[in-house]
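The values are calculated or read from the model by the stated rules, or taken from the named source; none is laboratory data. None of the values given here were measured: they were computed from a predicted structure. Cβ placement follows ideal geometry from the backbone for every residue including glycine, while neighbour counts extend to all protein chains displayed. Note: accessible area is taken over every heavy atom of the protein model, side chains too, but ligands, DNA and RNA are not part of it. Shrake-Rupley method; radii C 1.70, N 1.55, O 1.52, S 1.80 Å.
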Amino acid sequence: MSEIYKLSAHDFSHLDSVSDPQISADGKFATYLKKSSAISEVLWVDFDNPANNTRHAVPVKSAHPFGGGVTQLSLDGQRLYFVTSSGGIALLDLSSGKLYDIYPGPGVSQISMSLDESRIAATIFGDRVALFNPAEESDPIVVSELPRTLGRFDGLPGGTGYFVGERPDFIFDVSLNPDGTKVAWHEWALPYMPWQRSQISLLDLDDWEEGNPEIIICAGGDYFVAQPRFSPDGSRLAFLAEDELFLRLWTANLAEWSSALVVEENFEHGGATWGNGNRTFDFSYDGKRIYFSRNEAGHGRLLEAELQTSSVVELGKAHHFGIKTSRSSLVALRSGAKTPNVIVTYDLQSGDRTEIERVYPKEFYMGIRTEPDLGIAAYSTSLHDFIEPRSRAALEAVERLDVPYRLYRPGLGAKGLPTIVTFHGGPTDQSLVTYSVRNVAFMQAGYQVLSFDYRGSTGWGKSFREKLDYGLGVVEIVDLLTVLSDLVSRGLVKLGSIVVNGGSSGGYSALRSVSLTRGLFCGAIAVYPLIDLADSVASTHRFESRYFDTMVGALPNEIRLYRDRSVTPEALDDIPLLMMHGDSDPVVNHRQVVKFAAKAQALGKKVEFVLFPGEGHGFSAPETLEAEFGAYERFLGELRDRGKFQDS
């Protein structure tokens, strides 16, 4: 067996990322975004003549690796329309490199285009839909500020219930039909998050031009919907909708105004809507099939579904994001536990997969790569003696629940290693089995990594997701104890060698864990964590401004509960704690973390705190990332060197 390559903090921090793949109708050309050292570029791929492959340094807006919506490729693959870094729209001639302004900005975050390139629809200022004429510099024409009429597709779950009849607070994922005569989008209003109550609205642009506009709410209202997308002939609209069970893929026949599940199965076909441009499915070019990514206990699988028969065949394993089809192929971003993020194509006849470019250096393929052991832990109170006495009654009053987990071990038969257990962020999210450089860094430091989907996570259905409601800061701690109880009882985790870790809401939950227990954890890591819940509600960005109404309770009525569930330095267990934050964080006010760390240090707590200038909610600058990973390596190494951890 070849020797495992040890990656450095510099390796982990100086990585390119890729996103938003597109492909031409004939499958001969593709584009995607590549971000290097905080600069995004457009890469143009000519499959027949690779010598023509070109990088274009243009002012394109960055996209999340698992998101998109920033670019639209012409049918012939020669022109790319994109959202600029200043919130405008521009056209790039991919052969010549010439750049043409369509709209200088500001406000655009996502676009969709008709096949003949005569019309662009865009999400603008986060709460409006605007039309643009790509043939010339044009001002936005807003079409979404009209009253809504409820007219949901037949066959969908739910009754009349709740819906937004006037202007919504948020609009995502605008989609034009191929001939540019209809536009659909995803919208919702405060106090709800999109996975609680949202709707898909549809506007006939011919009626709008004739002075008879009517926006029809065609799906959702009192449940979660997402990702509207038209079929290539415009006769169908596909979208995700959550019934009483799971978030699944539906299609609607627009002529008959009827809808049906694509596949009747107990899996989810997408996740929580945290941003614009997610594409976890796409129609085949003839509209007879849909390609979609299925979530299987956190693992991903790419599938092809025949719409007429609902028959399903596998195309590939791992998660696939940004799915886009041509007549003969499919392009997507692929990521798995052992698969660093990579843009791939699939031949839809043979199923053969081709990697367009490996953006992670070869050393990452020589480093630690491991599939997790999956399990579901049965509820247990065997570790409840570690609960701080004043908190025990509250934690033991929580509903008993079994909890899914994934245990990553750095080698076959690795035993006796200390454990890092990670709370995912969100909290409405999931510990997906995608490639994680942090997991690799932790395993290199000599730890096994435990991730788990506490109640409130996506991927396990509506009922499981809603079990976090009003319980944040308590119920996820119970779920952590359940998972650890199971693994300790089977000898897979050793007491006296557990470090708890998390970022954002996961950092908050990590801190709550070491506040509500005594002697269970040997260390903790909290990155840009929430500290003061009421202050977080007052200072966070608008998107999450009412999130805690259901996570904790509505203010001001529940202010006492917010105070009780906030983290205080006095409540911390006496263990080493590493905290990191950026001073430009728009989600969690860094001042509350600075104040918390200073007070904890004054009380004699073992707190190391690093504040990174210019960084937001999630670090991005290579020098910051190198410092972050260097801090992990040092902190975890010091815990081992203190002698608390003993390998068996």
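Overview of values
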read-out	value
Rg(Cα) / (2.2 N^0.38 Å) computed for the stretch 535-635, rounded to two decimals	1.20
Built amide H within the under 5 Å cut-off of LYS317, gap 5+	LEU302
Cα-based reach from LYS61 at 19 Å (exclusive), listing lysines while leaving out same-chain residues under 8 positions away	LYS34, LYS35, LYS98
Rg to Rh, two decimals, where the stretch 348-434 supplies the alpha carbon set and Rh follows Kirkwood	1.11
Span from the the stretch 328-344 Cα centroid across to the the stretch 199-264 one, whole angstrom	28 Å
Relative contact order (%) - criterion: Cα under 8 Å, at least six apart; region: the stretch 406-515	38 percent
Mean Cβ neighbour count within 10 Å, used as a protection proxy, ranking 420-426, 485-491, 533-539 highest first	420-426, 533-539, 485-491
Tilt relative to the chain, helix 622-641 - C-alpha long axis, 0 to 90 degrees, to 10	30 degrees
Cα-Cα pairs of the stretch 378-507 separated by more than 23 Å (percent)	31 percent
Mean projected area in nm² (Cα convex hull; one quarter of hull surface) for the stretch 68-118	3.5 nm²
Average projected area [Cα convex hull, the stretch 120-244], square nanometres	7.7 nm²
Unit Cα scatterers, Debye sum, the stretch 269-369: log10 I(q)/I(0) for q = 0.13, 0.19, 0.21, 0.22 Å⁻¹	-0.47, -0.95, -1.13, -1.21
Stokes-Einstein D for the stretch 461-590, Kirkwood Rh over Cα pairs, 4 °C, 1.567 mPa s (µm²/s)	83 µm²/s
The stretch 94-250, accessible surface, carbon-and-sulfur percent (1.4 angstrom probe)	47 percent
For the chain: accessible area per residue (Å², 1.4 Å)	38 Å²
Diffusion constant of the chain at 37 °C, which comes from Stokes-Einstein with the Kirkwood Cα-pair radius and 0.692 mPa s, µm²/s	128 µm²/s
Average projection area in nm² (convex hull over Cα atoms of the stretch 320-369, one quarter of hull surface)	3.6 nm²
Where GluC sites (Glu not before Pro) fall in DSSP loop in the stretch 108-191, at most 10 other Cβ within 10 Å	GLU136, GLU166
Of all DSSP beta bridges in the chain, antiparallel share, percent nearest 5	80 percent
Percent RCO, i.e. relative contact order, over the stretch 95-237, from Cα pairs under 8 Å lying at least 6 residues apart	21 percent
Compactness relative to 2.2 N^0.38 Å, alpha carbon Rg of the stretch 61-207	1.09
